[in-house]
1. Name the single residue, out of those in region 14-48 being over 14 Å from the mean Cα position of the chain (by Cα), touching a residue at least 12 places away in the same chain (Cβ under 8 Å) and in a helix (DSSP H, G or I), that is surrounded by the fewest Cβ atoms within 10 Å (Cβ to Cβ).
2. If you go through region 81-96 one residue at a time, do you hit one that is more than 26 Å from LEU204 (Cα to Cα), surrounded by fewer than 18 Cβ atoms within 10 Å (Cβ to Cβ) and hydroxyl-bearing (Ser, Thr, Tyr)?
3. Looking for whichever is assigned to a loop (DSSP other than H, G, I, E, B), without any contact (Cβ under 8 Å) to a residue 60 or more places away in the chain and either closer than 21 Å to ALA71 by Cα or of a type in the set (Gly, Ala, Ser) (or both) here; the options are ALA103, ALA119. Which one fits?
4. Give me a count of the residues in region 157-206 that are part of a helix (DSSP H, G or I), without any contact (Cβ under 8 Å) to a residue 40 or more places away in the chain and either farther than 24 Å from ALA20 by Cβ or within 17 Å of the chain's Cα centre (by Cα) (or both).
5. Pick out the one residue from LYS137, LYS141 that is in a helix (DSSP H, G or I) and of a type in the set (Lys, Arg).
Amino acid sequence: MLFNDVLGQQAAKDSLRQMAMSDRVAHALLFAGPGGSGSLSLALAFAQYLLCARPTPTDACGQCPHCLKAAKLIHPDIHFSFPTIGTNVKSDHFLPQWRQAMATNPYLSLNDWLQKIGAENKQGNINKEECLNIIRKMSLKTFESPRKVLIIWRPEFLGKEGNRLLKLIEEPPENTHFILVAEQPDQILNTILSRCQLFKIPALTDSDIVAGLRQWKHLDEEKALA
């Protein structure tokens, strides 16, 4: 995903681009914004920007091998972790559903996601097996890019098992970055919260939402405003 594909959030985009261009990217960032703000889309765009072989001052090139794979969510150096259902499952088991869901709606809600994976009345969580898998994956060398990125969507669902990640988040391998995407940062483990650089993402403006409806739903301005 390109920054240009993310609705609004110009100030956040500018800050992230400046951070990347000056090579001062924190090893752990927390994108905190309300549902529908585009925090996850922004995380995807930033991850692609970090791995792009030919970034410009404004965006990733969108054409290099890194960008082409990142756009399809199949880049081997961009990893994902998100709430799942079950005790011994990992996010990797749900990657096909994740890619399909994100392709359909990059502003995915938690309820939409849980419905997608057939949670019914079960509550999603990020369990022990997932934490161990994160440690294993992020301790490996990169496959194709000088950097690797892990996007943790909804870290509020990390229970006490999340403490297993503390050392990795605080002292990650070189050129390893964590992007946590949360809606309720006050529900994240304090031990994890204190190790992240907070990046507040505001709600979208009405004009941003109208632009999105016109872009994705192909509505004219009058219908988008209705």
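1. SER15
2. Scanning region 81-96 turns up at least one residue that is more than 26 Å from LEU204 (Cα to Cα), surrounded by fewer than 18 Cβ atoms within 10 Å (Cβ to Cβ) and hydroxyl-bearing (Ser, Thr, Tyr).
3. Result: ALA119 is the single residue among ALA103, ALA119 that is assigned to a loop (DSSP other than H, G, I, E, B), without any contact (Cβ under 8 Å) to a residue 60 or more places away in the chain and either closer than 21 Å to ALA71 by Cα or of a type in the set (Gly, Ala, Ser) (or both).
4. 13
5. Residue meeting the stated conditions: LYS137.
Just so you know, all these numbers are worked out from the coordinates, no wet-lab data involved. All values reported here derive from a predicted model rather than from experimental measurement. Quick reminder, even Gly has a Cβ in these numbers, built from the backbone with ideal geometry, and neighbours come from all protein chains shown.
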